[in-house]
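Just below is one structure, and these are the notes that go with it.
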Amino acid sequence: MATQHSRSAARLMMAPAVVLLLGWMLVPLTMTVYFSFKKYLPLRGGDLGWAGFDNYVRFVTSSAFWPSVMTTLIIVGGVLAITVILGIGLAILLNQPMWGQGMVRILVIAPFFVMPTVSALVWKNMFMDPNYGLLAHLWEFFGATPVQWLSQASLTSIVIIVSWQWLPFATLILLTAIQSLDREQLEAAEMDGAPASKRFAFITLPHLGRAITVVILIQTIFLLSIFAEIYVTTGGAFGTKTLTYLIFQRVLESQNVGLGSAGGVYAIILANIVAIFLMRIVGKNLDA
Amino acid sequence: MARNVTNKRKIINTTAAWAVGLLIFFPILWTILTSFKTEAQAIADPPIFLGFDWTLENYKAVLERSNYGRFLWNSIIIAGGSTILGIIIAVPAAWSMAFVPSKRTKDILLWMLSTKMLPAVGVLYPIYLLCIRFGILDSKIALVFILMLINLPIIVWMLYTYFKEIPGEILEAARMDGASLKDEVLYVLTPMAIPGIASTMLLNVILAWNEAFWTLNLTAAKAAPLTAFIASYSSPEGLFYAKLSAASTMAIAPILILGWFSQKQLVSGLTFGAVK
């Protein structure tokens, strides 16, 4: 009887969160799907009737689509490669005995707390500016011609900026995982004469497997939708228009809502494919 | 002999780690240093690292120029409001899932997490339109609600993880002693849960403070927080390095400090307990 009572109380306590999230998910989603089947131009006539799958076809056949997919893949892939590889290296380094470990940790984590618009602007102006940027001075010091970072090496620049933001996240999670590694196992392997490279490949790396997967999945979800870093640096010019940015431009800048919404549906599907894998891992770990 | 080797190794480790740490931190350090230079010293060639005349002029200029106080206030209201609202809604939900689990608890938790995966740009126009319809475009209340909703799954998850660690026997004992549901929550659970709630709030203030998709797209003059304030330095003011640096330093300083306190909770919070 008491359990019955507490069960219904529990349901009642869960209700606000569940209802809000359900509304947050369903209402905009339904609207996006609805608009995606419409010819809808708020500034040029408004709702011009049903369009069938026209928007879906036009979105993928427009000349901007494939370049934006490539840009997205390069940015996501580049940042993932850099942050995971450097993150493993840093995690191993930070796990060694040293003086001032806590302080170094704080230094390494700091970029994660910098708001995206600040990091993008600081990098763009104070480091990558071809005249006054610090990198230009560095290049000149070595007698090289300064690089026009954000116009000539635009994708590389964005990858550098975003990697700097996400390296702390990867490092912190991999460090946490590495700290749970059984030290005795490593020491035993060392006693048996296994060289450092083998100890890394056969003990450390397999142990980190799951943490690496989690880092890749979570970062992919966030990286697919990076926005501010492009908004304040190139505004989508010089080949830095990602899928997210293309949809943003279609929807808010050119106010072609039907077309943008079709793009939005593609983005949602893409994110869900990644999400399914992440949920599997998280779900396995949940002993509810 | 062996001791010598370990000491030598420790020195190498320490040097390498500090070098890498300082390199990663350098852009932030450089921004802070530049904020105390004059504009001329900020673009000096070769660059000046420490040997400049320290000045507070830039901070004064930024504060005078741009209603910095209002942007700061908006950030505080949006980050603080969305976090408090989120906690109020999430605490009962997480409590019931942790202490009265049912067969569907796991599914509900995973489903909540899945709403976090919804790409913002996919629902940009509907949200934009709804804000116009309700007359809350460029208002703090809209952002409080939206940021609360996007962070709610993380709040529920983190709280759930903390609540799970509170032994259920304590609640049973309280129930035996005749405590009502209200008493349980108020006098037994809350004191034990406060550390978990505090660190959940901390992480969410950080996430909301730095959120830069909705804050850039749904605000203009009235409700813009610091993310948008900094974006307005994009050009041409961005080339006044010293002022840009002062503005940036003021925007990131509070969160850097909070962030350093929260680094322990960060991992389990951001990986939904998948890495502990």
(message) With the structure loaded, tell me whether residue A:272 is in contact with a Gly (Cβ under 8 Å, 6 or more places away or on another chain) and free of Cβ contacts under 8 Å to residues at least 40 places away in the same chain or whether it fails that test.
(response) no
(message) Of everything in segment A:266-288, what is more than 7 Å from every other protein chain (Cβ to nearest Cβ) and not aromatic (Phe, Trp, Tyr)? Give them in sequence order.
(response) A:269, A:270, A:273, A:274, A:276, A:278, A:280, A:284, A:287
(message) Checking the conditions here, which among A:187, A:229 is of a type in the set (Asp, Glu), under 29 Å from residue A:161 (Cβ atoms) and assigned to a helix (DSSP H, G or I)?
(response) A:229
(request) Within segment B:85-119, count every residue that is in contact (Cβ under 8 Å) with a residue 12 or more places away in the chain and aliphatic (A, V, I, L, M). (result) 12
(request) State which residue pairs qualify: first residue closer than 21 Å to residue B:123 by Cβ and inside segment A:11-24, second residue polar (S, T, N, Q) and part of a helix (DSSP H, G or I) in any location, beta carbons under 7 Å apart, and separation of 6 or more residues or different chains. (result) A:21/B:115; A:24/B:115
(message) I need every pair where a residue in segment A:245-261 that is in contact (Cβ under 8 Å) with a residue 24 or more places away in the chain and on the phi < 0 side of the Ramachandran plot has its Cβ under 7 Å from the Cβ of a residue that is surrounded by fewer than 24 Cβ atoms within 10 Å (Cβ to Cβ) and in a helix (DSSP H, G or I), sequence separation at least 6 or different chains.
(response) A:246/A:68; A:259/A:58
(message) Quick check on segment B:194-218: of everything there that is free of Cβ contacts under 8 Å to residues at least 40 places away in the same chain and farther than 21 Å from residue B:137 by Cα, which residue is surrounded by the most Cβ atoms within 10 Å (Cβ to Cβ)?
(response) B:196
(request) Report the residue count in segment A:247-261 for those that are buried (at least 20 other Cβ atoms within 10 Å of the Cβ), more than 9 Å from chain B (Cβ to nearest Cβ) and not polar (S, T, N, Q). (result) 3
(request) Taking only segment B:45-56 into account, find how many residues are more than 9 Å from every other protein chain (Cβ to nearest Cβ) and either more than 31 Å from the chain's Cα centre (by Cα) or loosely packed, with under 14 Cβ neighbours inside 10 Å (or both). (result) 8
(request) Mind listing whichever residues of segment A:104-157 are among the aromatic types (Phe, Trp, Tyr) and within 10 Å of chain B (Cβ to nearest Cβ)? (result) A:112, A:113, A:123, A:127, A:132, A:141
(request) Kindly establish whether residue A:160 is over 30 Å from residue B:41 (Cβ atoms), within 11 Å of chain B (Cβ to nearest Cβ), among the hydrophobic types (A, V, I, L, M, F, W, C) and surrounded by fewer than 24 Cβ atoms within 10 Å (Cβ to Cβ). (result) no
(request) Have a look at B:248, B:234 and point out the one that is facing chain A (nearest Cβ under 7 Å) and either in a loop (DSSP other than H, G, I, E, B) or farther than 25 Å from residue A:109 by Cα (or both). (result) B:234
(message) So in segment A:138-156, with the set limited to residues that are aliphatic (A, V, I, L, M) and not in a loop (DSSP other than H, G, I, E, B), which one is nearest to residue A:76 (Cα to Cα)?
(response) A:155
(message) On the basis of being surrounded by fewer than 21 Cβ atoms within 10 Å (Cβ to Cβ) and in contact with a helix residue (DSSP H, G or I) (Cβ under 8 Å, 6 or more places away or on another chain), does residue B:171 make the cut?
(response) yes
(request) Could you tell me which residue of segment B:78-118 is nearest to the other protein chains (Cβ to nearest Cβ), considering only residues that are assigned to a helix (DSSP H, G or I) and among the basic types (Lys, Arg)? (result) B:106
(request) Go through segment A:26-47 and give me each residue that's at pLDDT 90 or above and farther than 14 Å from residue A:260 by Cβ. (result) A:26, A:27, A:29, A:30
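The values are calculated or read from the model by the stated rules, or taken from the named source; none is laboratory data. Not measured: the values here are computed from a predicted model. Because the Cβ atoms are built from the backbone with ideal geometry, glycine has one as well, and the counts that use them run over all protein chains shown.
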